[in-house]
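For reference, the structure I am asking about is given below.
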């Protein structure tokens, strides 16, 4: 078989309910010259059997079985064998539109871009949305290019966070799965994923490392990726150590930014990310406490640990909270002034 144009990497772990939907959305891609790499991370359900069945039906599908180490390490195994000129990533409980990879590929070829970024379709909304709701999110009004050193620097910062005049907490979106990458750049620079067992947003760190090695990126006003709300998935479930892992991520981002960006330039982006992450952590703590009948005094301890951490205090003090969208602003003030019962009321109102 000739070199495929695109290798699509899917880490697989206990997703028997969703796996065929995901892979079948790739098998019907309008660009046929692809390979699909399924990495089974020692699933304990029938996921591996489904992977092997699908591979028997389609010669473009490869299956890797490995010891359980998490999605980041699973993607690294696939990167070792990926043969396509470009790389795409899909999570096994999501699915994509039929023309996704053809459209991304065409843009990469047309503009000679090392990275093409698109938007996302939130199926069943987000953490506070109604079931059945689909929210379309794009990050660019038109084809937008990042070529100069300054533009690529701002792109890296806009992956990690946002400036006060941005509506979203990450200006360009942290996730890898809505984008297309050049295989040659990944392999030449030995860019790999950290483990999500060590930090949150390991894919955002991959994005930042990758952008540090490229000459041109392009953002487009399209959304092809169906991100499905699934309570069992890694990014959508409650984690007791989410706060600690978020701190690790921030430290890793700062280490990278310090190499060539002044603190006064990147700090505002870090603060925006951090107050947003604290909002998510507090919201999940509140919902988890409600679902598990945890006493308010115990919940308050967890919220206090988040809101009184030195980074939280600094981010909430130095960031211009008045520039945030109204709901984010109210929540941020609640965290800043440690109005924990107010936070509980706000989450309750949003989750109804």
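Taking the criterion of being surrounded by fewer than 22 Cβ atoms within 10 Å (Cβ to Cβ), in contact with a strand residue (DSSP E or B) (Cβ under 9 Å, 6 or more places away or on another chain) and closer than 20 Å to residue 246 by Cβ, would at least one residue in the range 135-147 satisfy it?
Scanning the range 135-147, I find no residue that is surrounded by fewer than 22 Cβ atoms within 10 Å (Cβ to Cβ), in contact with a strand residue (DSSP E or B) (Cβ under 9 Å, 6 or more places away or on another chain) and closer than 20 Å to residue 246 by Cβ, so the answer is no.
Quick test of your reading of the structure: residue 244 fulfils all but one of (1) surrounded by fewer than 17 Cβ atoms within 10 Å (Cβ to Cβ); (2) in contact (Cβ under 8 Å) with a residue 40 or more places away in the chain; (3) assigned to a helix (DSSP H, G or I). Name the failing condition by number.
(2)
Please enumerate the residues belonging to the range 261-281 that are in contact with a helix residue (DSSP H, G or I) (Cβ under 7 Å, 6 or more places away or on another chain) and in a loop (DSSP other than H, G, I, E, B).
261
Please work out if residue 294 is surrounded by 14 or more Cβ atoms within 10 Å (Cβ to Cβ) and more than 30 Å from residue 152 (Cβ to Cβ).
yes
How many residues does the range 212-234 hold that are outside any strand (DSSP E or B) and more than 15 Å from the chain's Cα centre (by Cα)?
Count: 7.
Being more than 25 Å from residue 103 (Cα to Cα) and in contact (Cβ under 8 Å) with a residue 60 or more places away in the chain: is that true of residue 167 here?
It is true that residue 167 is more than 25 Å from residue 103 (Cα to Cα) and in contact (Cβ under 8 Å) with a residue 60 or more places away in the chain.
Of everything in the range 321-348, what is outside any helix (DSSP H, G or I) and either surrounded by 13 or more Cβ atoms within 10 Å (Cβ to Cβ) or touching a strand residue (DSSP E or B) at 6+ places or on another chain (Cβ under 9 Å) (or both)? Give them in sequence order.
Of everything in the range 321-348, those that are outside any helix (DSSP H, G or I) and either surrounded by 13 or more Cβ atoms within 10 Å (Cβ to Cβ) or touching a strand residue (DSSP E or B) at 6+ places or on another chain (Cβ under 9 Å) (or both) turn out to be 324, 338, 339.
If I filter the range 181-211 down to residues being part of a helix (DSSP H, G or I) and touching a strand residue (DSSP E or B) at 6+ places or on another chain (Cβ under 8 Å), which single residue comes out as surrounded by the fewest Cβ atoms within 10 Å (Cβ to Cβ)?
The qualifying residue surrounded by the fewest Cβ atoms within 10 Å (Cβ to Cβ) is 183.
From the list 91, 45, which one is within 21 Å of residue 229 (Cβ to Cβ) and either free of Cβ contacts under 8 Å to residues at least 40 places away in the same chain or not assigned by TED's automatic domain parsing to the domain that holds residue 217 (or both)?
Result: 45 is the single residue among 91, 45 that is within 21 Å of residue 229 (Cβ to Cβ) and either free of Cβ contacts under 8 Å to residues at least 40 places away in the same chain or not assigned by TED's automatic domain parsing to the domain that holds residue 217 (or both).
Continuing with this model, one more query. Out of (1) under 21 Å from residue 228 (Cβ atoms); (2) surrounded by fewer than 19 Cβ atoms within 10 Å (Cβ to Cβ); (3) out of contact with any helix residue (DSSP H, G or I) (no Cβ under 8 Å at 6 or more places or on another chain), what's the single condition that is false for residue 98?
(3)
Further question on the same structure: Considering each of 193, 249 in turn, give the residue that is over 17 Å from residue 107 (Cα atoms) and not assigned by TED's automatic domain parsing to the domain that holds residue 109.
Just a single option satisfies the conditions, and that option is 249.
Each row is one residue, and each column tells you yes or no for (1) under 25 Å from residue 194 (Cβ atoms); (2) within 22 Å of the chain's Cα centre (by Cα).
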site	(1), (2)
31	no, no
34	no, no
49	no, no
54	no, no
63	yes, no
70	yes, yes
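The values are calculated or read from the model by the stated rules, or taken from the named source; none is laboratory data. Please read all numbers here as calculations on a predicted model, not as lab measurements. Virtual Cβ from ideal backbone geometry, glycine too; neighbours counted across all protein chains shown.
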